[in-house]
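The values are calculated or read from the model by the stated rules, or taken from the named source; none is laboratory data. What you see is a predicted model; the values in this text were computed from it and never measured. Methodologically, a virtual Cβ is constructed for each residue, glycine included, from the backbone with ideal geometry; neighbour enumeration extends over all protein chains shown. Surface areas here come from the heavy atoms of the whole protein model, side chains and all, with no ligands, DNA or RNA. Shrake-Rupley method; radii C 1.70, N 1.55, O 1.52, S 1.80 Å.
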Amino acid sequence: MTDPNTDAELRSLATEDLESSRDALPSISDRLKKALIPRHPFADLPCLLEIRPGAGGDEAGLFAFEMLRMYVAFCSRRGLRPTILKQDTEVGPSEDRLSEAVIEIQANGAYDILRTESGVHRVQRVPATETKGRTHTSAVSVMVLPSFPEDTSEMDNALNFEDPSSDYYIDPQEVRVEKMRAGGAGGQHVNKTESAIRLTHIPTNTVVSMQDERSQQANRRKAWQVLRAKLAEARQEAREQELMQLRRGILGGVAKMGRGDKIRTYNFGQSRCTDHRTGITIHNLDGILDGGDGLETVMDSVRTWMADSEVEAMVAEDMANAKSK
């Protein structure tokens, strides 16, 4: 390009081509990484998002309620059709406290979009009940589960929960079903009929209860949906854990965080949200809690982190296998 004998117009075209190629490199690299990584078996499925307050007492319940609104707003903005399957709320003196919620996001691929959210979300702020202005730390647990369609006849056998040979089949004989009278708000009906259902998967002691619907049949269907999702996610997580154990000796540690890890902090005093996997910090907490672009940015950064970590592990594994041969 510095050769004086080179045609000026040709040099200009070559420079423009080089600049456009440089601009395209990040996108090409991202597509290449996605092509290398095996697709998650639940990636194309709808999902269930479960929210539970953790350490922090009433303050955790208050923030759990805010997170419920955040995810409903985010899904609505993205056109993902959120439906609240379960919402156990305690009415407080000024605000409602959430004790448990389950949101169903019916759009295909919702699991892949929201699986970045599984883990412990920490909040730091001065509670309304704090008289000395001290900042309290509380926690909320979020779990993202696959939601299987009711008709699974056309699904891959490995995911077909109606097929006894499937990894995700549940033997009805291993589930204890209990009928109860629903409690809480809802008028006289909930206390007079046994519409509430509790399912217990005996081998794993996984318990799911549902009482939001007036119909026992509707509560039973929802309870089975959540139980099936929890067991499927646990089995998949066990597979991933086994793979991590195999890779740990190669990498000296694998960059993966699970449902019990602290993944994000929401600091109200500084109006910031920090994700601890990627280190990204957004100084617009109100926008994030409204389910806006800031939350989308954080989630995108986590997806990139997950892809980079997976590629790093695969490369290290291949190099180790090549050396051993």
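One residue stands out in the stretch 83-105 among those that are open to solvent by 40 Å² or more (accessible area, probe 1.4 Å) and not charged (D, E, K, R): the one that is nearest to residue 45 (Cα to Cα), namely 83.
Scanning the stretch 51-79 for residues that are in contact with an Asp or Glu (Cβ under 8 Å, 6 or more places away or on another chain), at pLDDT below 95 and open to solvent by less than 20 Å² (accessible area, probe 1.4 Å) turns up just one, 61. One residue stands out in the stretch 180-208 among those that are open to solvent by 50 Å² or more (accessible area, probe 1.4 Å) and modelled with pLDDT of 85 or more: the one that is nearest to residue 50 (Cα to Cα), namely 207.
Residue 263 meets all of the listed conditions (1) more than 19 Å from the chain's Cα centre (by Cα); (2) modelled with pLDDT of 90 or more but one, namely (1). Could you check, for the stretch 270-286, whether at least one of its residues is closer than 18 Å to residue 75 by Cα and either open to solvent by 50 Å² or more (accessible area, probe 1.4 Å) or aromatic (Phe, Trp, Tyr) (or both)? Yes - at least one qualifying residue is present in the stretch 270-286. Checking every residue in the stretch 98-107 against the condition of being among the charged types (D, E, K, R) and closer than 19 Å to residue 66 by Cβ gives at least one match.
In the set (1) part of a helix (DSSP H, G or I); (2) open to solvent by 50 Å² or more (accessible area, probe 1.4 Å), the condition left unmet by residue 108 is number (1).
The condition of being part of a helix (DSSP H, G or I) and not basic (Lys, Arg) holds for only one of 62, 85, 80, 98, that being 62.
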